[in-house]
């Protein structure tokens, strides 16, 4: 018995109904909204804003390599030229990092206060004068003799700036951290507390090198006396912090894995203090 055309039409509508229902139930794909990025989050501004003083530790490492190569007790002329190349590289590093630092606090002056009171970032302010001290030492070894007395007086002025910054950092940063509203727990103290204090010890050792190249004996004597004062401020403070850090290790064991490398920092004031 043949089926009527009307039956076929109804049957096709019934078969298509579930597909139509499924299509209606499918959610409409959401079009992702375009995220508007601030001008401070793109390109060089992002680098400048997130820059930290810890980058000056690159100068410390590069500078000490150039000094060691220059003062090694071997008569290899190639060592001298290699030390000069690394010294120039260190000066370039320092210039780039100093430019970024100045831009950071000129463009975002509100960051400076936050950084100075930060319990971790502020400690690395000591890397700035210590990195500059490696340049001062190498300048005395390489540049003063061929460039004459003018270079000696120039590097003496740079050392005075370095000594003043070291003194401010060594006294100011521990004071600011000790007077924080939130306070500090003994368990949160790391050997990085030595970084701002060691800057005084490093400046004192550099003062002896600068005094050795000064043509004026009176200025050299004044530099030596100032170096003794810096040494007398830095070494006792470092010993106090080392005692506190030793107490922290006895009560709370080793620091977390991320800060484990900081256990070697007490070698800095001890070795540099002995050298000074």
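The values are calculated or read from the model by the stated rules, or taken from the named source; none is laboratory data. It should be emphasised that the depicted structure is a prediction, and the values quoted were computed from it without experimental measurement. Here Cβ is always computed from backbone atoms with ideal geometry, including for glycine, and neighbour counts include all displayed protein chains.
Given the options 124, 141, name the one that is more than 21 Å from residue 234 (Cα to Cα) and touching a helix residue (DSSP H, G or I) at 6+ places or on another chain (Cβ under 6 Å). Full working, then the answer.
Numbers: 124 fails: more than 21 Å from residue 234 (Cα to Cα).
On inspection, the qualifying residue turns out to be 141.
Being in contact with a helix residue (DSSP H, G or I) (Cβ under 9 Å, 6 or more places away or on another chain) and more than 19 Å from residue 135 (Cβ to Cβ) is the filter here, so list the residues in the range 80-111 that pass it.
103, 104, 105, 107, 108, 111
Hey, residue 157 hits all of (1) out of contact with any helix residue (DSSP H, G or I) (no Cβ under 7 Å at 6 or more places or on another chain); (2) surrounded by 14 or more Cβ atoms within 10 Å (Cβ to Cβ); (3) over 30 Å from residue 184 (Cβ atoms); (4) without any contact (Cβ under 8 Å) to a residue 60 or more places away in the chain but one; which does it fall short on?
Residue 157 satisfies every listed condition except (2).
Having 3 or more residues that are modelled with pLDDT of 90 or more is the bar; report the helices (runs of 4 or more DSSP H) wholly within the range 33-151 that clear it.
Values: elements: 43-49, 57-71, 77-107, 110-116, 127-142, 144-147.
Output list reads 57-71, 77-107, 127-142, 144-147.
Given (1) farther than 21 Å from residue 123 by Cβ; (2) part of a helix (DSSP H, G or I), where does residue 215 come up short, assuming only one miss?
So the condition that residue 215 fails would be (2).
Of the residues that make up the range 255-263, is at least one touching a helix residue (DSSP H, G or I) at 6+ places or on another chain (Cβ under 9 Å), touching a residue at least 12 places away in the same chain (Cβ under 8 Å) and in a loop (DSSP other than H, G, I, E, B)?
Taking every residue of the range 255-263 in turn, at least one turns out to be touching a helix residue (DSSP H, G or I) at 6+ places or on another chain (Cβ under 9 Å), touching a residue at least 12 places away in the same chain (Cβ under 8 Å) and in a loop (DSSP other than H, G, I, E, B).
Checking the structure you have, find out if any residue of the range 230-246 is surrounded by fewer than 19 Cβ atoms within 10 Å (Cβ to Cβ), touching a residue at least 12 places away in the same chain (Cβ under 8 Å), over 17 Å from residue 166 (Cα atoms) and under 22 Å from the mean Cα position of the chain (by Cα).
Checking the range 230-246: at least one residue is surrounded by fewer than 19 Cβ atoms within 10 Å (Cβ to Cβ), touching a residue at least 12 places away in the same chain (Cβ under 8 Å), over 17 Å from residue 166 (Cα atoms) and under 22 Å from the mean Cα position of the chain (by Cα).
How many residues are part of a helix (DSSP H, G or I) and surrounded by fewer than 15 Cβ atoms within 10 Å (Cβ to Cβ) when one looks only at the range 181-212? Steps first, please.
Looking only at the range 181-212, we keep the residues that are part of a helix (DSSP H, G or I), and these are 186-188, 191-212.
From what is left, the residues that are surrounded by fewer than 15 Cβ atoms within 10 Å (Cβ to Cβ) are 186-188, 212.
Within the range 181-212, residues that are part of a helix (DSSP H, G or I) and surrounded by fewer than 15 Cβ atoms within 10 Å (Cβ to Cβ) number 4.
Based on what the data block shows, is residue 176 in a helix (DSSP H, G or I) and under 15 Å from residue 120 (Cα atoms)? Can you show your working first?
Values: in a helix (DSSP H, G or I): yes; under 15 Å from residue 120 (Cα atoms): yes.
Taking the combined requirement at face value, the residue satisfies it.
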